[in-house]
1. For residues that are under 16 Å from THR263 (Cβ atoms) and surrounded by fewer than 22 Cβ atoms within 10 Å (Cβ to Cβ), tally how many sit in region 232-251.
2. Across region 169-209, what is the total count of residues that are over 14 Å from ASP242 (Cβ atoms) and of a type in the set (Gly, Ala, Ser)?
3. Within region 6-50, which residues are more than 25 Å from ALA205 (Cα to Cα) and basic (Lys, Arg)?
4. Does region 85-121 hold any residues that are open to solvent by less than 60 Å² (accessible area, probe 1.4 Å), closer than 21 Å to ASP21 by Cα, in contact with a helix residue (DSSP H, G or I) (Cβ under 9 Å, 6 or more places away or on another chain) and among the hydrophobic types (A, V, I, L, M, F, W, C), and which are they?
5. Give me the residue from region 23-61 that is in contact with an Asp or Glu (Cβ under 9 Å, 6 or more places away or on another chain) and open to solvent by less than 10 Å² (accessible area, probe 1.4 Å) and, out of that set, nearest to HIS181 (Cα to Cα).
6. Can you confirm whether ALA215 is assigned to a helix (DSSP H, G or I) and either open to solvent by less than 30 Å² (accessible area, probe 1.4 Å) or farther than 25 Å from ASP165 by Cα (or both)?
7. Mind checking whether some residue in region 69-80 is outside any loop (DSSP other than H, G, I, E, B), under 12 Å from TYR126 (Cβ atoms) and assigned by TED's automatic domain parsing to the domain that holds ALA125?
8. Looking at (1) under 15 Å from the mean Cα position of the chain (by Cα); (2) modelled with pLDDT under 95; (3) farther than 22 Å from THR244 by Cβ, can you tell me which one ALA163 breaks?
Amino acid sequence: MADHPGCDVRTIPVQRIRPGDHAFAAYRDEAAKWALLGAFVHHGLAEGEKVLALLDPAVTADELLDRLGPESGNLRRAWGSGQLELTSMRALLHPHRRFTAARQWQRLAEESRLAVTQGYSAARAYIDMVWVADLGIEAADVAAYEHGARQLFTGHPYSEVCAYDVNAFAPEVLSAAHELHPVHLLGDIGTLLATHAATDTGDPAVRLVGEADIATAEEFAAALHTAFARREQHPAPRLHVDLTGLHFLGAGCAALLLRLASTAGAVDVVCTTIQDRILRRLGAAGIPSLTLRTAHGEERRC
């Protein structure tokens with residue numbers, strides 16, 4: 001875990017991708033690439049969505065299935081039923097040989113509509129940006145696609161991850177792509193990132209993204225202790241803790257948050273409905289100074 005200046009409100013774990021999201025992801029090696037794709041695929045299948053994996057044309061179906069879960073019956077059934085498809089940007093654009101952003105948007109929109117007619121709740125696509133080199137595209141053309149792709153996500157049951165190999169793109173291209181995407185993915189599966197900031201009124205705030213479990217318990221504790229220490233430096237402030245970026249909140253981490261909150265002043269926690277339920281079961285109602293506010297805007301004082 002690290003304080004991460006890029007981990008703003010646009011940063012989420014891949015498991016939080018929802019229809020309408022257009023996300024930037026970056027990976028440094030094969031292990032990170034397949035871990036990210038695996039989480040994206042399995043969660044999409046669990047949500048009843050059709051999943052498109054647009055990868056290097058050299059990737060075979062056997063390699064895809066072996067990498068994502070050689071023993072997974074659900075994965076094999078999804079492949080057999082057509083819920084999971086392996087393709088490439090080259091194949092998607094066929095029979096056209098020349099890339100244009102408009103052509104790519106058209107084909108992806110067609111795929112999202114087809115998924116709905118096939119009975120899926122939505123479509124999602126993982127696009128490995130290796131296609132840029134495969135089709136000989138200039139960086140400026142990639143930026144034009146990313147900038148104009150908003151039409152795919154407005155009112156359509158479609159989400160997309162554009163995954164960039166940081167070893168294959170210039171830093172300025174990666175920086176531009178990062179800024180052009182409204183959603184940023186936490187790069188490593190199973191990690192925790194914390195952002196310490198302040199609210200508009202100057203109150204200290206901390207946002208946690210990723211996994212708060214046994215593996216990251218020490219990092220979670222360090223982030224909370226830092227946040228509560230910053231709170232003590234302000235006269236009668238409210239500490240704001242945002243848990244909505246967590247894919248998983250373990251009971252041990254939740255209990256630690258409650259213990260710290262019970263010995264401090266006013267603490268506001270923004271959380272998901274499931275996180276709200278966990279905190280209440282662990283005794284949040286016994287802490288008068290604690291306020292839980294669910295992500296959809298409902299506020300309830302404990």
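The values are calculated or read from the model by the stated rules, or taken from the named source; none is laboratory data. Note that this is a predicted model, so its numbers are computed, not measured. Note: ideal-geometry Cβ built from the backbone for every residue, glycine included; neighbour counts use all protein chains shown. Note: accessible area is taken over every heavy atom of the protein model, side chains too, but ligands, DNA and RNA are not part of it. Shrake-Rupley method; radii C 1.70, N 1.55, O 1.52, S 1.80 Å.
1. Here the count works out to 4.
2. Qualifying residue count, region 169-209: 7.
3. ARG18, ARG28, LYS33, LYS50
4. Scanning region 85-121 gives LEU86, MET89, LEU92, ALA101, TRP105, LEU108, ALA109.
5. Here the answer is ALA23.
6. So ALA215 fits the description; yes.
7. Looking through region 69-80, none of the residues is outside any loop (DSSP other than H, G, I, E, B), under 12 Å from TYR126 (Cβ atoms) and assigned by TED's automatic domain parsing to the domain that holds ALA125.
8. Evaluating ALA163 over (1) under 15 Å from the mean Cα position of the chain (by Cα); (2) modelled with pLDDT under 95; (3) farther than 22 Å from THR244 by Cβ leaves (2) as the failure.
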